[in-house]
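Structure first, then comments.
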Amino acid sequence: MFDFLEGYDVLGAFWTTVKLTALSAVGSLILGTVLAAMRVSPVPLMRGFGTAYVNIVRNIPLTVIIVFSSLGLADIFGMTMGAPDDFKLQGFRLAVLSLVVYHAAFVCEALRSGINTVPVGQAEAARAIGLSFSQSLRLIVLPQAFRSVIVPLANVLIALTKNTTVAAAIGVAEAATLMKTMIENEAQTLAIAAVFALGFVVLTLPTGLILGWLGKRLAVKR
Amino acid sequence: MTSVLYDAPGPRAKRRNVIFSVGFFVLLALFLWWIWRTMDDKGQLKWSLWEPFTTSDAWTTYLLPGLANTLKAAALAMVIALPLGALFGIARLSDHRWVRAPAGVVVEFFRSIPVLLLMLFANELYVRSTDIPSEERPLYAVVTGLVLYNASVLAEVVRAGILALPKGQTEAAYAVGLRKGQTMTSILLPQAVTVMLPAIVGQLVVIVKDTALGGVLLTFPELLNSRSTLAANYANVIASFIVVAAIFIVLNFALTSFASWLEGRLRRGKKSTGAVLGADEVELNPAEVRGSFGTGADGAIR
């Protein structure tokens, strides 16, 4: 019944999807946190930069960013991402870079909304006992903000998982690329689509459920 | 909200801020200078690469038709997805389990798979079982993919919008003798749609961005696809990317600004006690409506 799967490395393709997701998630969390800190900082220039970054990046289609990374960064500017001879690895790293750049903007916005949920009094109290901006952000505000944005961050993570398919545009061998090849070569369109759809449901549904449950448990009760 | 974290600066803080500003400015300037130098080194700043964009040819032959196709696909997808989404959103609120459960499964299913897979699949399906001409097919496939995904996102928005209305509205409607269907169509839905408007406009941004997928993988002649024809003609890859990205930014920024203006207006002029669904609730491309995934919005709309 599943003989159409023979000769195709479906698990391998999904493993690439998972790797893309995990690496990009870590990267965009770091960059997003830095951007969020910039957006709430007392230095106007940093605030301006953060705002500009978010508004520019999230209005460009991810497809444009990824295709640019391949045709622009790699081909014209010669950015090899540390893999000058291995084009597969290069494509993978470029895809991670693009996914990080794009999703950092959404992580930043999610975190900023979390910072807004921390009551004004807490920051005032932090200042009153003499904490500086970076101390009150690090010790008082961000820990609470992170706990209250687990669910929005989970949504970004789910979106990121699905968006890794865009890497198919530059030929990274992940799930969507394989599905495209398979439905073009095999007769069982519906069965193939069902397998890949199921793969993504398996990847995204537990993420949402677990992090949703965690978000409810860890949320600061006010 | 930003001022929560810091006081009005005193003399020391002012000095520190100046130092930080200067430091950041220097870093930023170095970065920009580095980009400029690299572009110059690779000969990307030559006027001949940018000149095409000052002529009407590049616009009328490539960019504007591409933009028109992008907007066409986005508009079609929105117009079809909206009623479909409303239908499924209402179905998910039904009192009957046999309506509620299948609608829930359909919505959750299409929300959890990538739009790209839906587009590729729709394309293949049209190849095999319909006689849509091959030059029309990409548009059909792109719109189908967008509709399936966005209808299920909008279904959640509609559901959240209806749930955000105060319970008293339904109770009052029943009290004056309206039936269930009447309550939905003449009391709840009109209010929910008003409340949802910013979220719906925000979703348009997501749709516009997703059309670009069809351009690369299904050769749908939208903006990003026209870019490659243009670059093939003038050999200006970088310049064409920058111009196309700028068009997307302007277009989507206008939509986002309109959505937040609408949101502010609705919040101010609001007569009911229900919440207003902001653009940010669905804006996360292709993320979900706020609320935990799988359980719906559980009334946590802020």
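The values are calculated or read from the model by the stated rules, or taken from the named source; none is laboratory data. In this text the structure is predicted, and so the values were computed from the model without any measurement. Methodologically, a virtual Cβ is constructed for each residue, glycine included, from the backbone with ideal geometry; neighbour enumeration extends over all protein chains shown. Ligands, DNA and RNA are stripped out before the accessible areas are found, and what is left, the full protein with its side chains, is counted by its heavy atoms. Shrake-Rupley method; radii C 1.70, N 1.55, O 1.52, S 1.80 Å.
Every residue, every condition in (1) at pLDDT 60 or above; (2) open to solvent by less than 20 Å² (accessible area, probe 1.4 Å); (3) part of a loop (DSSP other than H, G, I, E, B), yes or no:
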site	(1), (2), (3)
B:Ile247	yes, no, no
B:Ser260	yes, no, no
B:Leu266	yes, no, no
B:Val282	no, yes, no
B:Ala287	no, yes, yes
B:Ser292	no, yes, yes
Going by the conditions given, is B:Arg111 more than 20 Å from B:Ala151 (Cα to Cα) and not in a loop (DSSP other than H, G, I, E, B)?
no
Within the range B:173-199, the count of residues that are open to solvent by 60 Å² or more (accessible area, probe 1.4 Å) and among the small types (Gly, Ala, Ser) comes to 2
Among helices (runs of 4 or more DSSP H) entirely inside the range A:107-184, those with 1 or more residues being under 20 Å from A:Pro42 (Cβ atoms) are A:120-128, A:142-148
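So which of A:Leu111, A:Leu137, A:Leu142 is modelled with pLDDT under 95 and facing chain B (nearest Cβ under 9 Å)?
A:Leu137 is the lone residue from the list that is modelled with pLDDT under 95 and facing chain B (nearest Cβ under 9 Å).
So that you can scan it fast, the table gives a plain yes or no per residue for (1) touching a Ser or Thr at 6+ places or on another chain (Cβ under 7 Å); (2) modelled with pLDDT under 90:
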position: A:Asp75; (1), (2): no, yes
position: A:Gly82; (1), (2): no, yes
position: A:Leu89; (1), (2): no, no
position: A:Ile158; (1), (2): yes, no
position: A:Thr161; (1), (2): yes, no
position: A:Gly171; (1), (2): yes, yes
Per the list (1) over 26 Å from B:Ala29 (Cα atoms); (2) out of contact with any helix residue (DSSP H, G or I) (no Cβ under 8 Å at 6 or more places or on another chain), residue check on A:Ala52 breaks on (1)
Does A:Ala169 count as facing chain B (nearest Cβ under 9 Å) and among the aliphatic types (A, V, I, L, M)? yes
With criteria (1) in contact with a helix residue (DSSP H, G or I) (Cβ under 8 Å, 6 or more places away or on another chain); (2) closer than 23 Å to B:Leu277 by Cα; (3) away from every other protein chain (no Cβ under 14 Å); (4) open to solvent by 10 Å² or more (accessible area, probe 1.4 Å), B:Lys167 comes up short on (1)
Q. Any chance the range B:200-216 includes a residue that's in contact with a Gly (Cβ under 7 Å, 6 or more places away or on another chain), modelled with pLDDT under 90, more than 11 Å from chain A (Cβ to nearest Cβ) and within 21 Å of B:Gly278 (Cβ to Cβ)?
A. no
Going through (1) touching a residue at least 40 places away in the same chain (Cβ under 8 Å); (2) on the phi > 0 side of the Ramachandran plot one by one, A:Ser70 fails only at (2)
Of the residues in the range A:177-209 that are closer than 23 Å to A:Phe106 by Cβ and in contact (Cβ under 8 Å) with a residue 40 or more places away in the chain, the one that is nearest to the other protein chains (Cβ to nearest Cβ) is A:Gly208
Within the range B:116-158, residues being open to solvent by 10 Å² or more (accessible area, probe 1.4 Å) and among the β-branched types (Val, Ile, Thr) number 6
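Is it fair to say B:Arg15 is closer than 30 Å to A:Gly121 by Cα and either among the hydroxyl-bearing types (Ser, Thr, Tyr) or surrounded by fewer than 14 Cβ atoms within 10 Å (Cβ to Cβ) (or both)?
Criteria met by B:Arg15.
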Out of all the residues in the range B:24-42, is one or more out of contact with any Ser or Thr (no Cβ under 7 Å at 6 or more places or on another chain), at pLDDT 95 or above and of a type in the set (Gly, Ala, Ser)? yes
